[in-house]
Amino acid sequence: MNNKNNNNRFTKILFWNIRGLNSQEKWDAIRDKISESACQVLCIQETKRESFDYFYIKRFCPKSLDQFAFFPSVGASGGLLTVWNSSIFDGSIVQMNSYAITVKLACKLDNKTFHVTNIYGPANLA
């Protein structure tokens with residue numbers, strides 16, 4: 001059913017535990033999946049990287065995903081990256097620590113806001 005008064009918009013968000021982001025093979029696989037999903041927000045866990053910059057992110061993200069927040073890995077474990085399309089969303093970091101990044105996204109099309117939390121933590125068996 002097509003409702004002309006329905007102003008709901010859908011946001012596509014891709015969450016992925018990548019288990020390391022340090023090879024051309026991974027970059028190609030991520031780029032393919034992002035393109036396939038047509039996501040506007042990307043949340044990657046377990047990056048295993050200590051730093052990110054715009055040029056590194058362009059190795060695997062399309063041009064439309066151009067703003068980001070990250071928390072570095074500690075050695076070869078952990079690391080979080082959240083990337084979004086700045087032509088659709090204004091983003092601001094609400095909270096960040098070694099286990100989570102929360103970003104407030106404000107849609108430029110309808111001024112609605114929502115929060116995305118990207119979470120990763122080790123499993124502790126008691």
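FYI, it's all coordinate maths here, none of it is from the lab. Computed from a prediction, not measured in an experiment: that's the story for all the values here. Reconstructed Cβ throughout: ideal geometry from the backbone, glycine too, with neighbour counts over all protein chains shown.
What net charge is computed for the residues neighbouring SER87, neighbours being all others with C-beta under 11 Å from the C-beta of SER87, Lys and Arg scored +1, Asp and Glu -1? Before the final figure, lay out each step's value.
Values: positive: LYS63, LYS108; negative: ASP66, ASP90.
Summing Lys and Arg as +1 and Asp and Glu as -1 gives 0.
Before rounding to the nearest 500, sum -39500 (n - 2.57) across all DSSP H runs of length at least 4 in the chain and divide by the residue total; then give [θ] at 222 nm in deg cm²/dmol. Display every interim value, and only then the final one.
On the way: 2 runs with 18 residues, N = 126.
Helix-only estimate at 222 nm: -4000 deg cm²/dmol.
Against the longest alpha carbon principal axis of the chain, how many degrees, from 0 to 90 and to the nearest 10, is the axis of helix 24-37 turned?
Compared with the principal axis, the helix lies near 20 degrees.
Quick one: net charge around ILE30, please, counting Lys, Arg +1 and Asp, Glu -1 for every other residue with C-beta under 14 Å from its C-beta.
Numbers: positive: ARG19, LYS26, ARG31, LYS33, LYS48, ARG49, LYS58, ARG59; negative: GLU25, ASP28, ASP32, GLU36, GLU46.
Residues close to ILE30 contribute a combined charge of +3.
Obtain the nm distance between the two label points defined at LYS33 and TYR99 by a simple spin-label model: each point lies 7 Å from its Cα along the Cα-to-C-beta direction.
Each label point lies 7 Å from its Cα, and together they span 2.4 nm.
Which residue, ASN22, THR11, TRP84, has the largest displacement toward the positive end of the dipole of the chain when charges sit on each Cβ (Lys, Arg +1; Asp, Glu -1)?
Result: THR11, furthest along the dipole toward the positive end.
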